[in-house]
1. Which of the numbered conditions does Ala152 fail, given that it passes all the others? Conditions: (1) farther than 26 Å from His303 by Cα; (2) crowded, with 20+ Cβ neighbours inside 10 Å; (3) touching a strand residue (DSSP E or B) at 6+ places or on another chain (Cβ under 7 Å).
2. Would you please name the residue that is modelled with the highest pLDDT, looking only at residues in the range 131-147 that are outside any loop (DSSP other than H, G, I, E, B) and touching a strand residue (DSSP E or B) at 6+ places or on another chain (Cβ under 9 Å)?
3. Go through the range 244-289 and give me each residue that's closer than 16 Å to Leu302 by Cβ and of a type in the set (A, V, I, L, M).
4. Working carefully through the options Glu260, Glu284, find the one that is more than 22 Å from Ala156 (Cβ to Cβ), outside any loop (DSSP other than H, G, I, E, B) and not β-branched (Val, Ile, Thr).
5. Which numbered condition in (1) within 30 Å of the chain's Cα centre (by Cα); (2) among the small types (Gly, Ala, Ser); (3) surrounded by fewer than 21 Cβ atoms within 10 Å (Cβ to Cβ) is the only one that Ala253 fails?
6. Out of all the residues in the range 188-195, is one or more farther than 20 Å from Trp301 by Cα, in contact (Cβ under 8 Å) with a residue 40 or more places away in the chain and touching a Leu at 6+ places or on another chain (Cβ under 6 Å)?
7. Testing Leu222 on (1) touching a strand residue (DSSP E or B) at 6+ places or on another chain (Cβ under 8 Å); (2) more than 22 Å from Pro307 (Cα to Cα), one condition comes back false. Which one is that?
8. If we keep just the residues of the range 185-214 that are closer than 14 Å to Ala156 by Cα and surrounded by 24 or more Cβ atoms within 10 Å (Cβ to Cβ), which is nearest to the chain's Cα centre (by Cα)?
Amino acid sequence: MKQLFLKSRQEMQIVPSPTPAPKATPLPATPARKAFRSRNSESATPANRSEEESAERSERAAETPKPSPVQTPPPTPNEQVEEPPVQPVRTPQEESWVEPTPKKKRHGWFFFHFHSDDDEIVVQKSGSQNDTVPVGHYNGRWRYLTPAVRQAIDNARVARNRWKYIVVHNSGTRQGNARIFDYYHRHVRRMPNGLAYHFVIGNGTSSGDGQIEIGNRWVLQLAGGHVHSDYLNYIALGICLVGDFNRDLPTRAQYEALDELIRYLRQRVGKVDGRYSIVLGHKEINPRPTDCPGNRFPLNWLHRTFPSD
């Protein structure tokens, strides 16, 4: 028995234990391999197909690199985090609106400005308010320039070189006086300073024939409102004769009162640019066409009596 056991042991061969084969690394899916799988998928069972699909997903996940997260350091206590400005939301109407380009300012003097009311407008001034004309001594014999009228004319603080013109008007009405015209200009035409003229000469209806009335504009040395030009209103005295001289003629008393008043005023305001104030009819100086002081008013007599030289 012992011999048989030893003999059988010698005949026995040592068989090495099986070593597990290494797993093959899966190759990336190529179009050819995908086509091969699609052809073989028809014969594969649903279980095999699900395994292949899960294997493909795992392969794609392994191939796609995952982005590393960017870590932003927290701001220090001294740093101020600037937030981006919030842009306002505009409506379609606002989006289509284009801001207009500002116009360039133009500078310069405009001597004539047409207006219908006596507005407060800054104009280019002539003469000095501090340099006044001294009151002269007149030896003439005045019939219509009463002592009260002459005193009122003399008391005004007349600026030197200011009044360059004396303009003659007619009221266009057959009756009236300074008080009536003042009410009309102040409440109907809305002139803050009232009576547009500096002087009014009556015709014997609402005031005496040839009576000289002095307006507030002369007393305070204000610009007139009798010419359609702010610049001319500042340098032109206005004398209104009551009457409609498109139909009538001035009375003899009005002629004489006008003659005395103009002579006195030219002496009172002094010379401007080396000559006395120029005497004109309204239509000869007004920028807008007008028939004042009337077609029957003798402008030739006015120019002959008071020449510009």
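1. (2)
2. Going through the range 131-147, the residues outside any loop (DSSP other than H, G, I, E, B) turn out to be 131-132, 147.
Right, trim to touching a strand residue (DSSP E or B) at 6+ places or on another chain (Cβ under 9 Å) and you get 131-132.
Working: Asp131: 63, Thr132: 68.
Ranking the qualifying residues of the range 131-147, first place goes to Thr132.
3. Leu249, Ala257, Leu258, Leu261, Ile262, Leu265, Ile278, Val279, Leu280, Ile285, listed by residue number.
4. Numbers: Glu260 fails: more than 22 Å from Ala156 (Cβ to Cβ).
After ruling out the rest, the residue left standing is Glu284.
5. (1)
6. Taking the range 188-195 first, the residues farther than 20 Å from Trp301 by Cα are 188-195.
Restricting the remaining residues to those that are in contact (Cβ under 8 Å) with a residue 40 or more places away in the chain gives 189-193.
Filter again for touching a Leu at 6+ places or on another chain (Cβ under 6 Å), leaving 193.
Yes: one or more hits.
7. Among (1) touching a strand residue (DSSP E or B) at 6+ places or on another chain (Cβ under 8 Å); (2) more than 22 Å from Pro307 (Cα to Cα), the lone unmet condition for Leu222 is (1).
8. Here is the first cut: in the range 185-214, the ones closer than 14 Å to Ala156 by Cα are 198-199, 214.
After this cut, where a residue has to be surrounded by 24 or more Cβ atoms within 10 Å (Cβ to Cβ) as well, the list is 198-199.
Details: His198: 35, Phe199: 38 Å.
For the range 185-214, the residue satisfying everything is His198.
The values are calculated or read from the model by the stated rules, or taken from the named source; none is laboratory data. Just so it is clear, the model here is predicted, and its values are computed rather than measured. So basically every Cβ, Gly included, is an ideal-geometry build from the backbone, and we count neighbours across all protein chains shown.
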